[in-house]
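The values are calculated or read from the model by the stated rules, or taken from the named source; none is laboratory data. As the structure is a computational prediction, the values presented were derived from the model and not from experiment. So basically every Cβ, Gly included, is an ideal-geometry build from the backbone, and we count neighbours across all protein chains shown.
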Amino acid sequence: MSDISHASVVFLNPRDNICVAARALESGEEITAGETRVRLNGPIRLGHKIALRQISSGQRVIKYGQTIGFATEMIQPGDHVHSHNLTAGQFDRDYAKCAEVPPDPEPLTGRTFEGYRRPDGRSGTRNYIAVISTVNCSASVSKYVAQRFDSSLLADYPHIDGVIAFTHDGGCAMHFGGEMHHMLNRVMGGMARHPNIGGFLLIGLGCETGTMGYLLEDQQLVQIGGLPSQKTGPLVLSMQDAGGTQKTVEEGVRLLAEMLPRPARDDSGQRDHSGDRMRRLGRQLWCHRQSGDRRSKRYARGSRRHVGVG
């Protein structure tokens, strides 16, 4: 692909027989796309297509390495390719996905990063404490608890990156054990088990359909590290049992204050300054929906390098 920071055109795929103008081009200008250099036969507006090779009437016009239409007349190198000489046409398409599998990258060894080893074998790049609301009714309380732990309070705990609240607008008025219930449980369980979470507190109202007990059993949640007073399971609070909003907030703050020192010990969250094996780092690859997007290509290259470490 062309370096579009200074190029006059964008050449998207080596198989393409057209390129795209990256700026308004004048007739007679010479452009370079890959290994091909052509002189323009007329002015080309920004974003419009330019023929790189001769395309006979009825032949395919290729962009992104895919057929985007057929020439309706002879098209010469340097010609403007648009609706006046291009039509969609009919043809069979091969919708095979991921058919072009690149070779495995060369193995990389000795690559490490500073991370937090978790008991399940994964490693995180951050060390947060999560306050997870199990129902919309406890969302505000969860936020109030997290807000108490500002940067000034956390200054004494450099191993903690922050206390964050996870809230949502569901948790009640749904079919108990139904699809939506299980989906919400999976999301909350994923938050609690995320390798960037060193510990968590669950806060519910008490009468919601998405009961706390069912969540713990369904997701088999176990507190990372635990607390001396609650070794048998995760920290949980019910607003109705605690006596309302203010009492729940105060109790949540108290419980998290006890938790703060613990994610610094052992495999519960000690940052390993000697590094951790890159293969422990979970990969997240986000690709833009538009083909050929530069961000997608950068993420893909980074992911391939990551795969190379095993």
Practice prompt. Could you tell me which of the residues ASP161, ASP150 is more than 26 Å from the chain's Cα centre (by Cα), charged (D, E, K, R) and surrounded by fewer than 22 Cβ atoms within 10 Å (Cβ to Cβ)?
Written response: ASP150
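Given the structure, is ASN196 in contact with a Lys or Arg (Cβ under 7 Å, 6 or more places away or on another chain) and modelled with pLDDT of 90 or more? Step through it out loud before you land on a result.
Details: in contact with a Lys or Arg (Cβ under 7 Å, 6 or more places away or on another chain): yes; modelled with pLDDT of 90 or more: yes.
Against the criterion (in contact with a Lys or Arg (Cβ under 7 Å, 6 or more places away or on another chain) and modelled with pLDDT of 90 or more), ASN196 qualifies.
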Worksheet item: Hey, does segment 109-129 have a residue that's farther than 30 Å from GLY190 by Cα, within 25 Å of the chain's Cα centre (by Cα) and outside the structural domain of ASP161 (by TED's automatic domain parsing)?
Response: no
Discussion item. Between GLY78, GLY110, GLY89, which is in a loop (DSSP other than H, G, I, E, B) and crowded, with 19+ Cβ neighbours inside 10 Å?
Written reply: GLY78
Worksheet item: With (1) part of a loop (DSSP other than H, G, I, E, B); (2) of a type in the set (Ser, Thr, Tyr); (3) not assigned by TED's automatic domain parsing to the domain that holds ARG193 as the list, and TYR157 as the residue in question, which single condition is left unmet?
Response: (3)
Discussion item. On the basis of being in contact with a Gly (Cβ under 6 Å, 6 or more places away or on another chain) and of a type outside the set (Asp, Glu), does THR112 make the cut?
Written reply: yes
Discussion item. If ALA146 meets every condition in (1) over 22 Å from PRO261 (Cβ atoms); (2) in contact with a strand residue (DSSP E or B) (Cβ under 9 Å, 6 or more places away or on another chain) apart from one, which number is that one?
Written reply: (1)
Item to complete: Please indicate, with yes or no, whether at least one residue in segment 98-105 is surrounded by fewer than 12 Cβ atoms within 10 Å (Cβ to Cβ), touching a residue at least 60 places away in the same chain (Cβ under 8 Å), assigned to a loop (DSSP other than H, G, I, E, B) and on the phi < 0 side of the Ramachandran plot.
Response: yes
Discussion item. Among the residues of segment 33-57, what is the count of those that are in a strand (DSSP E or B) and touching a residue at least 12 places away in the same chain (Cβ under 8 Å)?
Written reply: 9
